[in-house]
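First the structure, in the form of structure tokens, and then the observations on it.
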Amino acid sequence: MSDKAMPLDDARKDALKDTAARKRMAALFDSDTFVEVGALVKNGCDGAGVITGYGLVDGSPVYAFAQDTSVRNGAVGAAHGSKIKKIYELALKTGAPVVGIYDSNGAAIDEGLDAMAAYGDMLCWTNNLSGVVPQVSVVLGPCAGCAAMIAASADFVVISEQAELFLSPGDEACGAKNAALSGVAHLVEKDDAAAVAAARRLIALLPSNNLSALPLCEFREADGADAALEAAAKAMDKADMMKIIGSVADAGSVIELQKDFTKCGVHVALGTVAGSTVGFVAASDSGKVCSNGSSKIARFVAICDSFQIPVVTFVNCAGFAAVNGHAFRGGVREVAKLAHVYAEATTPKIAVICGAAYGSAYVALAGRGANADYAVAWPDAVISALSPATAVAFMEGDKITKDKTRAQVEAEYAANEAGAVAAAAKGHIDDVVDPANTRAAVVSAIDMLIGKRVSRLPKKHANIPM
């Protein structure tokens, strides 16, 4: 062989040069497992502006692409789109998750409609694979227009604080903070490394596809969990619902999602219970769920249902609150969406009524007829068609006397007519459990329901109230 490098050697050296995108891919995958696909694909004399391939994340196969701004500013053109399309095709054939790392300056304008066609292919594949394999978008730089639509279509969106996510160049609020407040971003991380690490944590909790079993991991119970649950039960009006979730879940396993989306104290999180993945919903710290909170819960439960992840809902909800006091501003629509998703979901659904569960909130979140497979309540929970104050005003007013105040009558109604034991006696809940025994009840229920299979009526898809 001569000293002169062969053309193939030159091509490989150029294609495999060290870039930010390649470092991100290396950080995503387990050490020495990344295999690049389409490394030599070019657009004329330039590379395609994206690195694609597969490897292992926490020991499980995953496909990924990382846009590469060192080549044509990562601009999306025909070659770029063809490489990403190949990754989606392989993910479909093998049933493995897809992670997309976004950082580009938009379409390759010199390719015109070919660039738009590339975006169209990416958008089509992302949405058609939705619910088949888990998809995680990691936004680490500019992500605009069509790319923003594609990234936001994933099951989970992780964004770094330095990144931008927007539809139009004129959008003023295009940073990570706005993505979090609007509910587009599930996790906001400090930098690239933290964002990629967060994607790894999410992937480790998810099954490979909609037909795979949930991953299992080693676990231990949270320290002081029993005492924390008992303390919460004694002061539910001040209880931190995330602490309740953390006390039932395995120690250190909980990842809260869309933390900054809504101010009504609604929480959604992934974690593990006895080593197996569970989706947690808590409604709510404030006692009422707003329209954004309803949307947040609906989206999360739909994702869990897609991958047969059991959902455990902790209920302390006196009802639903309209946006700015106006029900027509999306309130009824979003609540209907929430109820639709819960009722249609066939994944195991367990409800734990910690405090209040009144009227429509009880029906939508914990009612067995509409959604819950197994519902339990803490001894001091109040389960009623009406709030105790309203019920007394309409039905128990004659019991208010000079010797018994309205507050006393309301307390009696809550304890007797609307108490957990009364609800269990009528068959509206399955059991009353001491707060300290909540984890054991949840573990038992998940074990019982893990083999759940439900066939729905034949239809193309449900007509969810968007």
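Miscellaneous remarks
- Within the stretch 398-432, the set of residues being part of a loop (DSSP other than H, G, I, E, B), closer than 19 Å to residue 362 by Cα, without any contact (Cβ under 8 Å) to a residue 60 or more places away in the chain and open to solvent by less than 60 Å² (accessible area, probe 1.4 Å) comprises 418, 427.
- Given (1) at pLDDT below 95; (2) part of a helix (DSSP H, G or I); (3) of a type in the set (Lys, Arg), index of the condition residue 17 fails: (2)
- The conditions of being open to solvent by 50 Å² or more (accessible area, probe 1.4 Å) and assigned by the TED database to the domain that holds residue 81 are not met by residue 129.
- Residue match in the stretch 57-67 (condition: out of contact with any His (no Cβ under 8 Å at 6 or more places or on another chain), part of a helix (DSSP H, G or I) and over 19 Å from residue 169 (Cα atoms)): no
- When residues in the stretch 349-375 are screened for being touching a Ser or Thr at 6+ places or on another chain (Cβ under 6 Å), under 19 Å from residue 295 (Cβ atoms) and free of Cβ contacts under 8 Å to residues at least 60 places away in the same chain, 0 of them pass.
- In the stretch 53-86, the residue that is surrounded by the most Cβ atoms within 10 Å (Cβ to Cβ) out of those that are more than 18 Å from residue 107 (Cα to Cα) and in contact with an Asp or Glu (Cβ under 8 Å, 6 or more places away or on another chain) is 57.
- Test: residue in the stretch 390-397 that is closer than 18 Å to residue 317 by Cα and touching a residue at least 24 places away in the same chain (Cβ under 8 Å): yes
- Criterion applied to 295, 286 was being open to solvent by 20 Å² or more (accessible area, probe 1.4 Å), assigned to a helix (DSSP H, G or I) and either in the same structural domain as residue 352 (by the TED database) or more than 19 Å from residue 375 (Cβ to Cβ) (or both), and the one residue passing it is 295.
- With respect to the conditions (1) outside the structural domain of residue 363 (by the TED database); (2) within 12 Å of the chain's Cα centre (by Cα), residue 210 lacks only one, and its number is (2).
- Filtered by the rule that a residue be assigned to a strand (DSSP E or B) and at pLDDT below 95, the stretch 89-137 gives a lone residue, 107.
- Scan of the stretch 227-267 for residues that are more than 30 Å from residue 154 (Cβ to Cβ) and either part of a loop (DSSP other than H, G, I, E, B) or not basic (Lys, Arg) (or both), ordered by number: 227, 228, 229, 230, 231, 232, 233, 235, 236, 237, 239, 247
- Any hit, the stretch 419-436, residues being in contact with a strand residue (DSSP E or B) (Cβ under 9 Å, 6 or more places away or on another chain) and modelled with pLDDT under 85: no
- Residues satisfying the stated conditions in the stretch 376-389, i.e. touching a residue at least 24 places away in the same chain (Cβ under 8 Å) and in a helix (DSSP H, G or I): 388
- Hits in the stretch 267-281 - residues which are more than 13 Å from the chain's Cα centre (by Cα) and open to solvent by less than 10 Å² (accessible area, probe 1.4 Å): 272, 273, 275
The values are calculated or read from the model by the stated rules, or taken from the named source; none is laboratory data. Remember, predicted model here, so these are calculated numbers, not experimental data. So basically every Cβ, Gly included, is an ideal-geometry build from the backbone, and we count neighbours across all protein chains shown. Areas reflect the complete protein model, heavy atoms only, side chains present, ligands, DNA and RNA absent. Shrake-Rupley method; radii C 1.70, N 1.55, O 1.52, S 1.80 Å.
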